[in-house]
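Asks: Have a look at the structure that comes next, please.
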Amino acid sequence: MVTSVLARTVCMRHNNSMQSYPHDFLWGASTASHQVEGGNHNQWSEWEKSNADRLAKTAEQRLGWLPSWQTFKDKAQNPANYISGNGVDHYNRYEEDFDILKQLNMNAFRFGIEWSRIEPSEGEWDQKAIEHYRTYIGALKARGIEPVLTLWHWTMPTWFTDRGGFETKTNIRYFTRYVQKIAEEFAPELRYVVTLNEPNVYIGFSYGTGEWPPQQKNPALAYRVYQNLAYAHNAAYDALKKENPHLQVGIAAQLSNAKPVDPKNILNVLSVKLRRYAMNSWFLNRIKRHQDFIGLNYYFTEYCDWRWQIKNPKLPVSDLGWYMEPYSIHELLQTTYEAYGKPLLVTENGLADASDKQREWWIKETVRGLDTAQDAGVALLGYLHWSLLDNFEWAYGWWPEFGLVHVDRKTMKRTIRPSAEAFARIIEQKQT
Ligand code: BGC
């Protein structure tokens with residue numbers, strides 16, 4: 001059915017080489033509360049304090065192989081790098097940041113509400129924090145910018161994680177109650193809500209490799225948390241739709257674009273299929289009756305052998321050593337649309353590039369990928385670049401710079417990078 005829709009649309013659209021996008025196409029940027037706000041108190045900020053020294057001491061051993069090591073080693077070996085602290089003070093400087101969005105021709109912005117601010121103690125709502133986010137959403141809308149709200153981007157109040165967080169199925173009720181509260185307060189102001197950010201990445205690092213809090217290496221527990229997150233999404237979806245049936249609700253999924261390094265080897269082909277199933281389909285299948293769109297995060301393509309060992313070409317790589325194949329976003333968009341038939345929103349896409357030498361190329365190649373997907377009939381809602389600002393990159397800390405806008409953390413001065421200007425010109429072109 002979807003395939004025939006695709007085929008029809010391809011016929012209608014072929015020859016349209018100068019792609020123009022629907023007027024309401026969302027062009028914008030993405031952030032997450034903990035990575036930019038500053039002043040957060042949650043399970044991550046606690047973990048940072050007790051792990052900063054260790055991360056600084058082991059930096060060379062973990063990161064010394066990266067081609068750009070010399071350029072960031074001083075930062076990576078300093079414990080302060082691993083503390084989110086006052087962030088980039090987005091909590092206070094959001095008006096300035098929204099003016100930058102406008103200046104860059106953007107009409108959409110993805111941001112997070114920080115659960116630990118809204119409900120600092122179990123069952124107690126912080127009215128000041130609620131009012132803050134109300135003004136914040138109002139400031140976006142006053143500028144004609146569509147808010148895309150994320151409810152959970154890996155950070156949680158410590159009272160929730162002290163009770164076992166998503167490891168315990170009965171705790172889902174706490175998450176649903178928080179979602180219900182957000183729905184009551186903000187649903188009339190919103191159109192797009194992302195319930196969960198990348199459940200697969202969270203369970204991978206927090207319960208698989210054990211690199212992130214709560215640092216477990218426990219496949220059975222990882223599986224349980226994965227399952228509970230699917231239940232949590234479904235319950236959140238129902239709560240949101242009950243409050244406002246017009247809301248468009250989905251998750252932001254980091255979908256794997258794994259490919260076999262040896263496409264002629266059947267074992268290699270099958271093992272990559274399995275990887276894509278575990279990373280992509282497992283979760284999406286469990287929530288497929290509870291989503292209006294699929295948010296897709298794309299950063300890299302991985303060429304794997306049959307044991308899932310990564311065998312990527314050496315170049316081009318980002319500052320984090322991630323192999324970059326930006327145009328391939330179209331493959332993921334097409335396969336995901338064919339599999340689920342839901343509209344897609346690119347909720348994250350970008351690269352760590354402190355020198356800003358590769359970002360413009362990345363954006364142009366990505367937009368070429370969006371054109372191809374559009375030509376193939378994929379229902380695409382928008383493209384949100386990660387990230388608007390340089391931000392706190394989880395266990396890597398501050399040194400990787402993902403921002404379209406550079407932030408000097410001493411002065412908090414924002415400087416628009418040349419690649420952002422190039423992106424603004426593309427948006428202008430595509431909107432006319
Ligand atoms: C996450 C972001 C992160 C980005 C770059 C995504 O997986 O959602 O929080 O900053 O990747 O690593």
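Laboratory data are not the source of any read-out in this text; all were calculated from the coordinates shown. Only a predicted model underlies this, so the values are computations on that prediction, with no experimental measurement involved. No Cβ is skipped: glycine too gets one built from the backbone with ideal geometry, and neighbour counts run over all protein chains shown.
Asks: Past the 23 angstrom mark, what percentage of all C-alpha to C-alpha distances in the range 311-407 do you count?
Replies: So the pairs more than 23 Å apart make up 31 percent of the total in the range 311-407.
Asks: What's the center-to-center distance, using Cα atoms, between the range 146-207 and the range 315-329 in Å?
Replies: Answer, in whole Å: 30.
Asks: Given the -39500 (n - 2.57) contribution per DSSP H run of 4+ residues, what per-residue ellipticity at 222 nm results for the chain, rounded to the nearest 500 deg cm²/dmol?
Replies: The per-residue figure over the chain is -13000 deg cm²/dmol.
Asks: After finding the eigenvalues of the alpha carbon gyration tensor for the range 213-259, what semi-axes result from the square roots of 5 times each, listed largest first in whole Å?
Replies: 27, 16, 8
Asks: Just add up the charged neighbours of Leu351: K/R +1, D/E -1, any other residue whose Cβ is under 9 Å from the Cβ of Leu351. Can you show the working numbers first?
Replies: Numbers: positive: Arg359; negative: Asp319, Asp353.
Once all neighbours under 9 Å are counted, the net charge is -1.
Asks: Roughly how many debye, to the nearest 20, is the charge dipole of the chain about its Cα centre, given +1 on each Lys and Arg Cβ, -1 on each Asp and Glu Cβ, and no other charges?
Replies: Computed about the Cα centre, the dipole is about 1040 debye.
Asks: Antiparallel as a % of all DSSP beta bridges within the chain, to the nearest 5?
Replies: Values: 7 of 42 bridges.
Roughly 15 percent of the beta bridges in the chain run antiparallel, per DSSP.
Asks: Averaged across orientations, what area in nm² does the convex hull of the alpha carbons in the chain project?
Replies: Numbers: hull surface 80.2 nm².
Dividing the Cα hull surface by four gives the mean projection, 20.1 nm².
Asks: Calculate how many DSSP beta bridges within the range 263-398 are antiparallel, expressed in % of all such bridges and rounded to the nearest 5.
Replies: Antiparallel bridges: around 20 percent, rounded to the nearest 5.
Asks: OK, next. Please report the spacing between the Cα centers of the range 217-289 and the range 97-116 in Å, no decimals.
Replies: Cα centroid to Cα centroid, the span is 27 Å.
Asks: Full-extension gain between Arg409 and Arg134, please, as 0.36 nm times their residue separation minus the C-alpha to C-alpha distance. List each step's numbers first, then the result.
Replies: Details: separation 275, 0.36 × 275 = 99.00 nm, distance 2.64 nm.
Roughly 96.4 nm would be gained on extension.
Asks: How do the peptides 229-236, 307-314, 109-116, 424-431 rank, highest first, by the average count of neighbouring beta carbon atoms within 10 Å per residue?
Replies: Per-residue mean Cβ counts within 10 Å order the peptides as 109-116, 229-236, 424-431, 307-314.
Asks: So if R0 is 35 Å, what FRET efficiency would Glu211 and Ser20 give, r being the distance between their Cβ atoms, rounded to the nearest 0.05?
Replies: Result of the calculation: an efficiency of 0.20.
Asks: Counting other Cβ atoms within 10 Å of each Cβ, which trypsin sites (Lys or Arg not before Pro) in the range 192-289 have at most 12 and sit in a DSSP loop? Could the numbers behind the result be given before it?
Replies: Values: sites: Lys217, Arg224, Lys241, Lys242, Lys264, Lys273, Arg275, Arg276, Arg286, Lys288, Arg289; in loops: Lys217, Lys264, Lys288, Arg289.
Within the range 192-289, the qualifying trypsin sites (Lys or Arg not before Pro) (loop, at most 12 other Cβ atoms within 10 Å) are Lys217, Lys264, Arg289.
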